[in-house]
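Each remark here refers to the structure printed beneath this line.
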Amino acid sequence: LLNIEAVKKRGFRVVVDYGFTRISSTLPQMLGQLETDTIALNAYTDPKKSPKTAADRAALVQNLSNYLVTLKADLGIFLRDDGERLSAVDETGAILSGSEMLAVFALLVARAKPGAQVAVPVTAPSTIERILAEYGGSVTRTKTDVRALMATAAEGKEGIALAGDTEGGFIFPEFHPAFDGLFSFAKLLELLAVQETTLSEVRAMLPPYYMAAETVACPWEVK
C-alpha cells in the first residue's frame with residue numbers, strides 16, 4: 001500500500017524519537033526498506049523513562065526539534081503510545097500541533113486523491129472542510145471518542161481515505177481501521193515524496209484558523 005520506490009528516490013533524512021518504547025525494535029527495519037537516512041533518539045525500551053504526561057512528551061518533542069535543526073534533517077517524528085500516535089517537526093524545526101498535523105494529512109490526501117472523504121471528530125477545526133472542498137472531497141464528523149472514529153473508518157472503508165483526530169492519531173482504512181503511527185509515518189514520507197514537497201511547504205499552504213478552548217467542570221449526573 002506504499003509507493004516504496006518514490007520514498008527511496010527521495011532519500012529522506014529523518015530524526016525519530018522512539019520515546020523509550022518497544023517501537024525501537026520494529027521501526028528501524030521498516031525504515032531500512034524505505035532506505036531513509038535515520039537518526040534515532042531514545043531508541044531503547046525503558047518503561048521508567050517513557051513519557052507519562054503531556055509535559056514529558058512536550059519536552060521530548062522540543063528536544064527532537066533542536067536535534068533536527070542541528071542535523072539539517074527533512075523532518076522529525078516522535079512516536080508515542082507504543083506507536084499508535086505521532087508528533088511531527090518540519091525541517092525548519094517548527095513543531096506541528098495536533099490540529100496542524102491533521103490538516104496537513106488532510107491536504108496531502110486531498111491532493112493525492114481528489115474527491116476523497118476524510119473522517120474527523122467534531123472538535124477538529126472547520127478549515128478541514130475548506131481543504132477537502134477545494135479538491136472535491138468531503139468531511140464526515142464523528143463523536144470525540146476513539147471508538148467512534150475507528151467505527152466510522154471501518155464502516156466507510158471504501159469511501160474514507162483518512163480518519164484522524166487532533167491528538168496525533170491517524171487511520172488509513174485501506175490498511176486497517178485503527179490508529180497506526182508507523183504506517184502513518186511511512187505514508188507521510190510517501191505523500192511528500194510523490195508530491196515533491198516538504199512538510200513546511202504543506203504547512204504554509206493551510207488556510208489560517210484559530211481555536212479557542214475552555215475547561216468546564218460538569219458532574220456526570222448533569223451531562
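The values are calculated or read from the model by the stated rules, or taken from the named source; none is laboratory data. It should be emphasised that the depicted structure is a prediction, and the values quoted were computed from it without experimental measurement. In this analysis, Cβ positions are derived from the backbone assuming ideal geometry, glycine residues included, and neighbour counts consider all displayed protein chains.
Enumerate the strands (runs of 3 or more DSSP E) found wholly within segment 104-223, keeping only those where 2 or more residues are more than 24 Å from Asp81 (Cβ to Cβ) and in contact with a helix residue (DSSP H, G or I) (Cβ under 9 Å, 6 or more places away or on another chain). Talk me through it step by step, then tell me what you get.
Working: elements: 117-121, 138-142, 160-164.
So the answer is 138-142.
From the list Ala54, Ala58, Ala6, exactly one residue is small (Gly, Ala, Ser) and touching a helix residue (DSSP H, G or I) at 6+ places or on another chain (Cβ under 7 Å). Which is it? I'd like the intermediate steps shown before the answer.
Values: Ala54 fails: touching a helix residue (DSSP H, G or I) at 6+ places or on another chain (Cβ under 7 Å); Ala58 fails: touching a helix residue (DSSP H, G or I) at 6+ places or on another chain (Cβ under 7 Å).
It is Ala6.
Testing Glu91 on (1) at pLDDT 95 or above; (2) out of contact with any strand residue (DSSP E or B) (no Cβ under 8 Å at 6 or more places or on another chain); (3) not hydrophobic (A, V, I, L, M, F, W, C), one condition comes back false. Which one is that?
(2)
Check Lys143, Lys113 and return the single one that is in contact with a strand residue (DSSP E or B) (Cβ under 6 Å, 6 or more places away or on another chain) and either of a type outside the set (D, E, K, R) or over 14 Å from Asp17 (Cα atoms) (or both).
Values: Lys143 fails: in contact with a strand residue (DSSP E or B) (Cβ under 6 Å, 6 or more places away or on another chain).
After ruling out the rest, the residue left standing is Lys113.
Could you say which residue among Glu155, Glu214, Glu174, Glu201 is under 24 Å from Gly32 (Cα atoms), of a type in the set (D, E, K, R) and surrounded by fewer than 18 Cβ atoms within 10 Å (Cβ to Cβ)?
Glu174
Quick one: in segment 68-109, of everything that is within 14 Å of Phe185 (Cα to Cα) and basic (Lys, Arg), which residue is farthest from the chain's Cα centre (by Cα)?
Among residues in segment 68-109 that are within 14 Å of Phe185 (Cα to Cα) and basic (Lys, Arg), the one farthest from the chain's Cα centre (by Cα) is Arg80.
Every residue in segment 1-41 that is polar (S, T, N, Q) and out of contact with any Asp or Glu (no Cβ under 7 Å at 6 or more places or on another chain), please. I'd like the intermediate steps shown before the answer.
Going through segment 1-41, the residues polar (S, T, N, Q) turn out to be 3, 21, 24-26, 29, 33, 36, 38.
Listed by number, the residues that qualify are Ser24, Ser25, Thr26, Gln29, Gln33, Thr36, Thr38.
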